[in-house]
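Everything below concerns the one structure shown next.
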Amino acid sequence: MSAATTRSRTPRTPRTPDRLCAEAVGLARDAAEEAAAPGVVGEHVEAVVEGDRVVTHLFECKDFGYRGWRWAVTVARASRAKVVTLDETVLLPGPDALLAPEWVPWSERLRPGDMGPGDLLPTDAEDLRLEPGYSGEEEPPPNSVFSEEMAELVEAEDAEVTAGPPAELPAAPARGSIAAIADELGMRRARVLSRYGLHAAADRWEESHGAKTAMAQAAPASCVSCGFLAPIGGSLGQAFGVCANEFGPADGHVVSLAYGCGGHSEAAVMPKPSRPAAPVLDETRVDVLPLRPAPDSGSVPLEGTAEDLGHS
(Lines give C-alpha, C1' and ligand atoms only; values in the text may rest on other atoms or scores of the structure.)
Protein backbone atom coordinates (compact mmCIF):
# COMPACT_ATOMS: atom_id res chain seq x y z
CA MET A 1 0.00 0.00 0.00
CA SER A 2 1.41 3.36 -1.05
CA ALA A 3 1.84 6.32 1.24
CA ALA A 4 -0.69 8.36 -0.77
CA THR A 5 -3.36 5.69 -0.24
CA THR A 6 -2.57 5.59 3.45
CA ARG A 7 -2.95 9.35 3.77
CA SER A 8 -6.26 9.36 1.89
CA ARG A 9 -7.79 6.81 4.27
CA THR A 10 -6.49 8.43 7.43
CA PRO A 11 -9.12 10.54 9.25
CA ARG A 12 -8.42 14.22 8.77
CA THR A 13 -7.93 16.54 11.69
CA PRO A 14 -9.81 19.85 11.84
CA ARG A 15 -8.44 22.10 9.14
CA THR A 16 -6.64 25.30 10.05
CA PRO A 17 -7.49 28.45 8.10
CA ASP A 18 -5.24 29.49 5.29
CA ARG A 19 -2.97 32.28 6.52
CA LEU A 20 -3.41 34.60 3.57
CA CYS A 21 -7.17 34.06 3.43
CA ALA A 22 -7.53 34.59 7.16
CA GLU A 23 -5.57 37.84 6.94
CA ALA A 24 -7.72 39.21 4.10
CA VAL A 25 -10.09 40.96 6.50
CA GLY A 26 -9.74 44.28 4.69
CA LEU A 27 -10.64 42.74 1.34
CA ALA A 28 -13.70 41.10 2.86
CA ARG A 29 -14.82 44.33 4.56
CA ASP A 30 -14.52 46.30 1.33
CA ALA A 31 -16.65 43.72 -0.46
CA ALA A 32 -19.30 43.80 2.29
CA GLU A 33 -19.44 47.60 2.33
CA GLU A 34 -19.78 47.64 -1.43
CA ALA A 35 -22.79 45.29 -1.29
CA ALA A 36 -24.43 46.88 1.76
CA ALA A 37 -25.63 50.39 2.53
CA PRO A 38 -23.18 52.87 4.07
CA GLY A 39 -22.61 52.33 7.78
CA VAL A 40 -24.31 48.93 7.90
CA VAL A 41 -21.23 46.68 8.13
CA GLY A 42 -20.07 46.34 11.73
CA GLU A 43 -17.18 44.68 13.53
CA HIS A 44 -15.45 41.52 12.36
CA VAL A 45 -16.94 38.55 14.23
CA GLU A 46 -14.95 35.50 13.15
CA ALA A 47 -13.41 33.60 10.27
CA VAL A 48 -14.86 30.21 9.33
CA VAL A 49 -12.90 27.62 7.35
CA GLU A 50 -14.96 26.39 4.41
CA GLY A 51 -12.29 24.26 2.72
CA ASP A 52 -8.70 24.23 1.54
CA ARG A 53 -7.70 27.87 1.06
CA VAL A 54 -11.34 28.97 1.44
CA VAL A 55 -12.33 31.19 4.40
CA THR A 56 -15.55 33.06 5.18
CA HIS A 57 -15.30 36.30 7.16
CA LEU A 58 -18.35 37.29 9.20
CA PHE A 59 -19.19 40.90 10.03
CA GLU A 60 -21.95 42.31 12.19
CA CYS A 61 -24.97 43.87 10.49
CA LYS A 62 -26.07 47.18 12.03
CA ASP A 63 -29.30 47.41 10.06
CA PHE A 64 -32.23 47.61 12.50
CA GLY A 65 -34.35 45.45 10.22
CA TYR A 66 -31.79 42.60 10.29
CA ARG A 67 -30.96 42.33 13.96
CA GLY A 68 -28.62 39.41 14.63
CA TRP A 69 -27.73 38.92 10.95
CA ARG A 70 -24.18 38.85 9.62
CA TRP A 71 -22.45 39.79 6.42
CA ALA A 72 -20.62 36.70 5.16
CA VAL A 73 -17.78 37.30 2.70
CA THR A 74 -16.01 34.24 1.32
CA VAL A 75 -12.46 34.58 -0.01
CA ALA A 76 -10.33 31.94 -1.66
CA ARG A 77 -6.79 31.42 -2.94
CA ALA A 78 -5.67 29.20 -5.75
CA SER A 79 -3.01 26.56 -5.20
CA ARG A 80 0.50 28.08 -4.98
CA ALA A 81 -0.94 31.54 -5.58
CA LYS A 82 -0.18 34.52 -3.37
CA VAL A 83 -3.25 36.59 -4.30
CA VAL A 84 -6.52 36.18 -2.42
CA THR A 85 -9.65 36.57 -4.55
CA LEU A 86 -13.24 37.32 -3.63
CA ASP A 87 -15.71 34.44 -3.91
CA GLU A 88 -19.13 35.74 -2.77
CA THR A 89 -20.84 38.19 -0.42
CA VAL A 90 -24.15 37.37 1.25
CA LEU A 91 -26.23 38.36 4.27
CA LEU A 92 -26.90 35.36 6.53
CA PRO A 93 -28.83 34.97 9.81
CA GLY A 94 -26.81 34.48 12.96
CA PRO A 95 -27.68 32.35 16.00
CA ASP A 96 -29.73 35.20 17.52
CA ALA A 97 -31.13 36.55 14.26
CA LEU A 98 -34.65 37.89 14.01
CA LEU A 99 -36.35 35.58 11.50
CA ALA A 100 -39.80 35.54 9.97
CA PRO A 101 -42.17 32.91 11.37
CA GLU A 102 -42.39 29.62 9.54
CA TRP A 103 -44.87 29.66 6.68
CA VAL A 104 -48.10 27.82 7.40
CA PRO A 105 -50.58 26.83 4.64
CA TRP A 106 -53.84 28.75 4.59
CA SER A 107 -55.80 25.59 5.36
CA GLU A 108 -53.96 25.32 8.70
CA ARG A 109 -54.06 29.05 9.49
CA LEU A 110 -57.81 29.30 9.02
CA ARG A 111 -59.85 29.50 12.18
CA PRO A 112 -63.60 29.54 12.76
CA GLY A 113 -64.94 33.06 12.37
CA ASP A 114 -62.24 34.26 9.95
CA MET A 115 -64.58 34.29 6.96
CA GLY A 116 -66.20 37.59 6.06
CA PRO A 117 -68.65 38.78 3.41
CA GLY A 118 -67.33 38.07 -0.07
CA ASP A 119 -64.69 35.54 1.05
CA LEU A 120 -64.61 32.14 -0.65
CA LEU A 121 -63.43 28.95 1.05
CA PRO A 122 -62.69 26.27 -1.58
CA THR A 123 -63.67 22.76 -0.49
CA ASP A 124 -61.39 19.87 -1.36
CA ALA A 125 -62.91 17.18 -3.54
CA GLU A 126 -61.74 14.58 -0.97
CA ASP A 127 -62.99 16.48 2.08
CA LEU A 128 -63.62 13.93 4.83
CA ARG A 129 -66.51 16.02 6.16
CA LEU A 130 -68.57 15.38 3.01
CA GLU A 131 -69.81 12.30 1.21
CA PRO A 132 -71.87 11.78 -1.94
CA GLY A 133 -75.55 12.48 -1.49
CA TYR A 134 -76.39 9.51 -3.70
CA SER A 135 -74.32 6.61 -5.06
CA GLY A 136 -76.64 5.30 -7.76
CA GLU A 137 -76.96 1.95 -5.98
CA GLU A 138 -80.09 0.47 -4.49
CA GLU A 139 -78.36 -0.78 -1.35
CA PRO A 140 -78.72 1.59 1.61
CA PRO A 141 -75.65 2.69 3.60
CA PRO A 142 -74.55 0.47 6.53
CA ASN A 143 -75.87 2.87 9.16
CA SER A 144 -79.31 3.15 7.55
CA VAL A 145 -82.35 1.71 9.29
CA PHE A 146 -83.09 -0.22 6.08
CA SER A 147 -79.73 -1.98 5.95
CA GLU A 148 -79.43 -5.74 6.32
CA GLU A 149 -77.55 -5.46 9.61
CA MET A 150 -80.29 -3.41 11.19
CA ALA A 151 -82.95 -5.75 9.82
CA GLU A 152 -81.21 -8.75 11.40
CA LEU A 153 -81.16 -7.00 14.77
CA VAL A 154 -84.86 -6.27 14.51
CA GLU A 155 -85.68 -9.88 13.61
CA ALA A 156 -83.64 -11.20 16.55
CA GLU A 157 -86.21 -9.62 18.96
CA ASP A 158 -83.71 -9.45 21.78
CA ALA A 159 -85.42 -7.88 24.79
CA GLU A 160 -83.43 -5.29 26.73
CA VAL A 161 -83.57 -5.85 30.50
CA THR A 162 -83.32 -2.74 32.65
CA ALA A 163 -81.36 -3.23 35.87
CA GLY A 164 -82.96 -2.38 39.22
CA PRO A 165 -85.98 -3.42 41.28
CA PRO A 166 -89.46 -2.92 39.79
CA ALA A 167 -90.25 -0.15 42.27
CA GLU A 168 -87.52 2.04 40.82
CA LEU A 169 -88.50 1.51 37.17
CA PRO A 170 -90.57 4.22 35.43
CA ALA A 171 -94.26 3.46 35.44
CA ALA A 172 -95.84 2.98 32.04
CA PRO A 173 -99.00 4.97 31.32
CA ALA A 174 -102.28 3.17 31.52
CA ARG A 175 -103.19 1.35 28.32
CA GLY A 176 -105.77 3.20 26.26
CA SER A 177 -105.12 6.58 27.82
CA ILE A 178 -104.15 9.66 25.82
CA ALA A 179 -100.68 9.57 27.38
CA ALA A 180 -100.18 5.97 26.23
CA ILE A 181 -101.24 6.80 22.66
CA ALA A 182 -98.99 9.84 22.60
CA ASP A 183 -96.13 7.73 23.91
CA GLU A 184 -96.60 5.20 21.09
CA LEU A 185 -96.65 7.95 18.47
CA GLY A 186 -93.48 9.54 19.87
CA MET A 187 -95.32 12.61 21.19
CA ARG A 188 -93.85 12.64 24.68
CA ARG A 189 -93.77 16.45 25.11
CA ALA A 190 -96.51 18.08 27.09
CA ARG A 191 -96.43 21.24 24.98
CA VAL A 192 -95.02 22.17 21.58
CA LEU A 193 -94.48 25.42 19.70
CA SER A 194 -97.57 27.27 18.68
CA ARG A 195 -98.06 28.93 15.33
CA TYR A 196 -96.97 32.22 16.85
CA GLY A 197 -93.85 30.60 18.33
CA LEU A 198 -92.92 29.10 14.97
CA HIS A 199 -93.29 32.45 13.18
CA ALA A 200 -91.32 34.27 15.89
CA ALA A 201 -88.45 31.77 15.66
CA ALA A 202 -88.47 31.96 11.86
CA ASP A 203 -88.27 35.77 11.97
CA ARG A 204 -85.29 35.68 14.35
CA TRP A 205 -83.39 33.12 12.29
CA GLU A 206 -84.15 34.91 9.03
CA GLU A 207 -82.85 38.19 10.45
CA SER A 208 -79.58 36.73 11.76
CA HIS A 209 -78.83 34.20 9.00
CA GLY A 210 -81.14 34.99 6.14
CA ALA A 211 -81.00 36.02 2.52
CA LYS A 212 -80.82 39.76 3.27
CA THR A 213 -77.58 39.60 5.28
CA ALA A 214 -74.30 40.90 3.84
CA MET A 215 -72.78 37.42 3.96
CA ALA A 216 -75.59 35.91 1.89
CA GLN A 217 -75.52 38.74 -0.63
CA ALA A 218 -71.83 38.08 -1.37
CA ALA A 219 -72.05 34.26 -1.30
CA PRO A 220 -71.51 32.24 -4.49
CA ALA A 221 -74.55 30.02 -3.79
CA SER A 222 -77.25 29.46 -1.19
CA CYS A 223 -77.35 26.91 1.61
CA VAL A 224 -80.06 24.84 -0.06
CA SER A 225 -77.38 23.30 -2.32
CA CYS A 226 -74.60 23.09 0.29
CA GLY A 227 -73.41 19.73 1.56
CA PHE A 228 -72.71 21.15 5.02
CA LEU A 229 -76.40 21.89 5.62
CA ALA A 230 -77.98 19.53 8.14
CA PRO A 231 -81.76 19.39 7.59
CA ILE A 232 -84.18 19.75 10.46
CA GLY A 233 -87.59 18.19 10.86
CA GLY A 234 -90.99 19.75 11.22
CA SER A 235 -92.51 22.61 9.30
CA LEU A 236 -89.43 24.80 9.89
CA GLY A 237 -87.34 22.29 7.96
CA GLN A 238 -88.92 23.55 4.75
CA ALA A 239 -87.09 26.88 5.11
CA PHE A 240 -84.24 26.32 7.58
CA GLY A 241 -81.41 23.97 8.41
CA VAL A 242 -78.32 23.78 10.61
CA CYS A 243 -74.86 24.74 9.31
CA ALA A 244 -72.20 22.09 9.99
CA ASN A 245 -69.17 23.83 8.44
CA GLU A 246 -66.70 24.48 11.25
CA PHE A 247 -64.99 27.25 9.27
CA GLY A 248 -68.24 28.96 8.31
CA PRO A 249 -69.55 32.02 10.15
CA ALA A 250 -72.79 30.20 11.05
CA ASP A 251 -71.40 26.89 12.29
CA GLY A 252 -73.91 25.29 14.66
CA HIS A 253 -76.56 27.93 13.94
CA VAL A 254 -79.92 27.59 12.27
CA VAL A 255 -79.66 29.18 8.82
CA SER A 256 -82.18 29.96 6.14
CA LEU A 257 -82.06 27.88 2.99
CA ALA A 258 -81.56 31.16 1.12
CA TYR A 259 -78.57 32.07 3.28
CA GLY A 260 -75.04 31.46 2.02
CA CYS A 261 -71.36 32.10 2.67
CA GLY A 262 -67.99 31.56 1.04
CA GLY A 263 -67.65 28.14 2.63
CA HIS A 264 -70.15 26.52 0.26
CA SER A 265 -69.28 22.87 -0.28
CA GLU A 266 -69.33 23.21 -4.07
CA ALA A 267 -67.08 26.29 -4.18
CA ALA A 268 -64.08 24.07 -4.97
CA VAL A 269 -63.00 26.14 -7.97
CA MET A 270 -62.35 29.82 -7.49
CA PRO A 271 -64.18 31.98 -10.05
CA LYS A 272 -62.01 33.33 -12.81
CA PRO A 273 -61.63 37.10 -13.01
CA SER A 274 -63.71 38.73 -15.68
CA ARG A 275 -61.85 39.66 -18.85
CA PRO A 276 -62.49 43.09 -20.28
CA ALA A 277 -63.96 43.34 -23.74
CA ALA A 278 -61.73 44.09 -26.70
CA PRO A 279 -61.30 47.84 -27.20
CA VAL A 280 -63.17 49.40 -30.11
CA LEU A 281 -60.54 52.11 -30.49
CA ASP A 282 -56.96 51.00 -29.86
CA GLU A 283 -55.29 54.00 -28.25
CA THR A 284 -52.09 52.12 -27.47
CA ARG A 285 -51.01 51.73 -31.10
CA VAL A 286 -48.84 54.43 -32.66
CA ASP A 287 -49.50 55.43 -36.26
CA VAL A 288 -46.36 56.60 -38.06
CA LEU A 289 -47.05 59.75 -40.08
CA PRO A 290 -44.46 61.46 -42.35
CA LEU A 291 -43.39 65.02 -41.58
CA ARG A 292 -43.51 65.99 -45.28
CA PRO A 293 -45.77 64.64 -48.03
CA ALA A 294 -44.29 62.21 -50.50
CA PRO A 295 -43.34 63.59 -53.93
CA ASP A 296 -45.91 61.45 -55.69
CA SER A 297 -48.75 62.01 -53.21
CA GLY A 298 -50.34 64.99 -55.05
CA SER A 299 -52.95 64.91 -57.79
CA VAL A 300 -50.73 66.87 -60.25
CA PRO A 301 -47.53 65.24 -61.45
CA LEU A 302 -44.29 67.12 -60.92
CA GLU A 303 -42.94 66.41 -64.38
CA GLY A 304 -42.58 69.40 -66.74
CA THR A 305 -41.98 73.11 -66.19
CA ALA A 306 -44.20 75.87 -64.87
CA GLU A 307 -44.99 77.05 -68.42
CA ASP A 308 -46.60 73.72 -69.21
CA LEU A 309 -49.05 74.31 -66.34
CA GLY A 310 -50.01 77.79 -67.63
CA HIS A 311 -47.99 79.74 -65.09
CA SER A 312 -45.68 82.61 -66.01
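The values are calculated or read from the model by the stated rules, or taken from the named source; none is laboratory data. Here the structure is a predicted model, which means the values were calculated and not measured. As a convention, Cβ positions derive from the backbone with ideal geometry for all residues, glycine included, and neighbour counts pool all protein chains shown. Side chains included, ligands, DNA and RNA excluded: accessible areas come from the protein's heavy atoms. Shrake-Rupley method; radii C 1.70, N 1.55, O 1.52, S 1.80 Å.
Please list, by residue number, every one of the GluC sites (Glu not before Pro) in the range 46-117 that is coil in DSSP and has at most 13 other beta-carbon atoms within 10 Å.
Numbers: sites: 46, 50, 60, 88, 102, 108; in loops: 102.
In loop regions of the range 46-117 (DSSP not H, G, I, E or B), the sparsely surrounded GluC sites (Glu not before Pro) are 102.
Report residue 126's accessible area, 1.4 Å probe, all protein chains in place, as a number in Å² to the nearest 10.
Number for this one is 140 Å².
To the nearest 10 square angstrom, what accessible area does residue 205 show with a 1.4 Å probe?
The accessible area of residue 205 comes to roughly 70 Å².
For the range 8-117, report the accessible area per residue in Å² (1.4 Å probe, heavy atoms, rounded to an integer).
Working: 7800 Å² over 110 residues.
On a per-residue basis, 71 Å².
Enter the accessible area of residue 44 (Å², nearest 10), with the probe set to 1.4 Å and all protein chains included.
70 Å²
Which order do 284, 56 take by accessible area at a 1.4 Å probe, largest first? Before the final figure, lay out the partial values.
Numbers: 284 120, 56 10 Å².
These residues rank, largest area first, as 284, 56.
Report the label-to-label distance for residue 25 and residue 78 in nanometres (one decimal), using points 7 Å from each Cα along the Cα→Cβ vector.
The answer from the label model is 2.8 nm.
By the scheme Lys and Arg +1, Asp and Glu -1, what is the net charge of all other residues having a beta-carbon under 11 Å from that of residue 41?
Numbers: positive: 29, 62, 70; negative: 30, 33, 34, 43, 60, 63.
So the surrounding residues net to -3.
Students sometimes get this wrong: rank 259, 66, 196 by accessible area, probe 1.4 Å, all chains present, largest first.
Values: 259 10, 66 95, 196 180 Å².
The ranking, largest first, comes out as 196, 66, 259.
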